[in-house]
Amino acid sequence: MWSTAARMSSSVFRVNQRQKSTALLASTLPLPPLHRVVTTARMQICTDTNGIGSDSSMIATNDRSPTVAKKPFCTATTIEESEEDTHTASTSSSTVAMEDEYGEMTAEGESYLHPEPFVLESGQILPHATLKYQTYGNLNEARDNVLVVCHALTGNASLHTWWGDMLGPNRPFDTNKYFIVCSNILGSCYGSTSPRSRCPYKNTFYGMDFPDVSVQDTVRLQLHMLQDELGIQSVKSVIGGSFGGMQAVEYAAQAGIQGQDSFLRSVIPIACGAAHTAWQIGISEVQRQAIYADPNWRDGSVEHHLTNPPLTGLSVARQIGMVSYRTPRGYENKFGRGVVQHKNGETDPTSPPTYGRYANWQVKSYLDYQGQKFLSRFDAITYVKLTEQMDSHDVGRNRGGKVEALSKVQIPALVIGIDSDILYPLHEQEELASLLPNAQLKIVNSDAGHDGFLLEQTQVGAYINAFLSTIK
């Protein structure tokens, strides 16, 4: 069963905060012009018997409908059931589409407003730092049956839309046993303080003037939310993949260094390392350069982005990311040298040749679709700022280096890697496990590459479930 903290006696910790935050949340940056987005038929997402996310159309394997509608991104919407199995750029069946890593993305949830100006690692200050979060299950009397799940780069606080197969009764994130908290990242466009928020120092929105936020900042603010807002006494485990894994590592460094007396009792970082490497920063930078190269970037001008955002650059950036998240074998097995076909399964004899400038490769169609779909839920400035925050990940910064920093983490750790991950290669998880004094390493076998942490929920869930059974 899914519930929020307001239903579990923790509302006393946040009633005043909610009153303070209402006016602030109303000052969110107006949305730019609407673009292509997929719509589907309403469906129930909460059940008492089958868990949350048990329907195939809301877990990671869903494909999106080709129906086009106008709908704002980064706002609350409903999970819906797809009408067809093909993507917009193709006239063939779902054989052209790859598994989708996210369900419908929304800004639903509760809001935590930090009660005083929040000082960032850089020394800059956010006067009204706010986080969006969602909770599932019930908080026990001891206030210690808590799991914290951290999302990746473009994720949100709606855990049921992207790790739904692992959430619900008798699943790894068991809502009969645990109180599960999923918080949005500081700087994300899904309800938290971000470049789309109004800057109190000037009569406009932050835009590119939004302060440089680090992973350390995001985790420190989340810890305030857990302790001050929800009144949590102890967290059984923090779990996250990719950018979420970086947050998990940072949680260990901030709240897992006192052994049995630590606020955090265990940690499960997945598909990440101890620090963002030159390889990963380089891939982030290429995506940012794609955005900067769009003539509509205009140095991130807020006023210009309201009417003419750099959509082409953002689409290309997303396509670069989608290539890095998968593998050569995965792309070859799914697309090969195939071209888009008509519904009857035949290639139109008048269609362009199967090579050269006008070749309509299936892989091209897929990437075009992914780039266009992303425009319905993200904006360029937020993407730039969040990739910069991801690049800040370095657990050893100001802690004597990663070896010293991780040597102080005394809590049990489960490090999970994916054998085909080219973005965060397995040797990084091997190093992380070797540097954590009380860690074990498990490997997911998959052709899905980095996205295996989202798509291989059966394997990932089994490892998590087995590990959590050993943690008191």
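The values are calculated or read from the model by the stated rules, or taken from the named source; none is laboratory data. The structure displayed is predicted, hence computed values, not measured ones. Positions of Cβ are generated from backbone atoms using ideal geometry, with glycine treated the same way; all protein chains shown enter the neighbour counts.
One table, with the values for the structure above:
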{"read-out": "Leading residue by the ranking (modelled with the lowest pLDDT) among those in the stretch 325-351 that are buried (at least 19 other Cβ atoms within 10 Å of the Cβ) and among the polar types (S, T, N, Q)", "value": "Gln341"}
{"read-out": "Every residue from the stretch 361-376 that is of a type in the set (Gly, Ala, Ser) and not in a helix (DSSP H, G or I)", "value": "Ser376"}
{"read-out": "Residues (of a type in the set (D, E, K, R) and buried (at least 24 other Cβ atoms within 10 Å of the Cβ)) located in the stretch 230-264", "value": "Glu250"}
{"read-out": "Every residue from the stretch 261-286 that is touching a residue at least 60 places away in the same chain (Cβ under 8 Å), over 30 Å from Ala380 (Cβ atoms) and not hydrophobic (A, V, I, L, M, F, W, C)", "value": "Ser262, Arg265, Ser266"}
{"read-out": "Residue check, Glu99 of a type in the set (D, E, K, R), over 15 Å from the mean Cα position of the chain (by Cα) and either at pLDDT 95 or above or closer than 20 Å to Gly231 by Cα (or both)", "value": "no"}
{"read-out": "Residue tally, condition closer than 23 Å to Gln227 by Cβ and surrounded by 22 or more Cβ atoms within 10 Å (Cβ to Cβ), over the stretch 135-154", "value": "10"}
{"read-out": "Conditions (1) in a helix (DSSP H, G or I); (2) among the charged types (D, E, K, R); (3) on the phi < 0 side of the Ramachandran plot; number of the one not met by Asp299", "value": "(3)"}
{"read-out": "Leading residue by the ranking (nearest to Gly259 (Cα to Cα)) among those in the stretch 379-417 that are in contact with a Ser or Thr (Cβ under 6 Å, 6 or more places away or on another chain) and not polar (S, T, N, Q)", "value": "Ile411"}
{"read-out": "Test result for Leu131, crowded, with 22+ Cβ neighbours inside 10 Å, modelled with pLDDT of 95 or more and in a loop (DSSP other than H, G, I, E, B)", "value": "no"}
{"read-out": "Qualifying residue in the stretch 439-462 (condition: among the β-branched types (Val, Ile, Thr) and surrounded by fewer than 20 Cβ atoms within 10 Å (Cβ to Cβ))", "value": "yes"}
{"read-out": "Residues of the stretch 228-241 that turn out to be farther than 11 Å from Val146 by Cβ and under 23 Å from the mean Cα position of the chain (by Cα), as a count", "value": "4"}
{"read-out": "Residue list for the stretch 172-198, restricted to those being charged (D, E, K, R) and surrounded by 24 or more Cβ atoms within 10 Å (Cβ to Cβ)", "value": "Arg196"}
{"read-out": "Flag if Ala317 is small (Gly, Ala, Ser), farther than 30 Å from Lys236 by Cβ, modelled with pLDDT of 95 or more and in contact with a Pro (Cβ under 8 Å, 6 or more places away or on another chain)", "value": "no"}
{"read-out": "Residue tally, condition under 16 Å from His151 (Cα atoms), touching a strand residue (DSSP E or B) at 6+ places or on another chain (Cβ under 7 Å) and in a loop (DSSP other than H, G, I, E, B), over the stretch 164-192", "value": "5"}
{"read-out": "Selection within the stretch 246-279 - at pLDDT below 95 and part of a loop (DSSP other than H, G, I, E, B)", "value": "Ile257, Gln258, Ser262"}
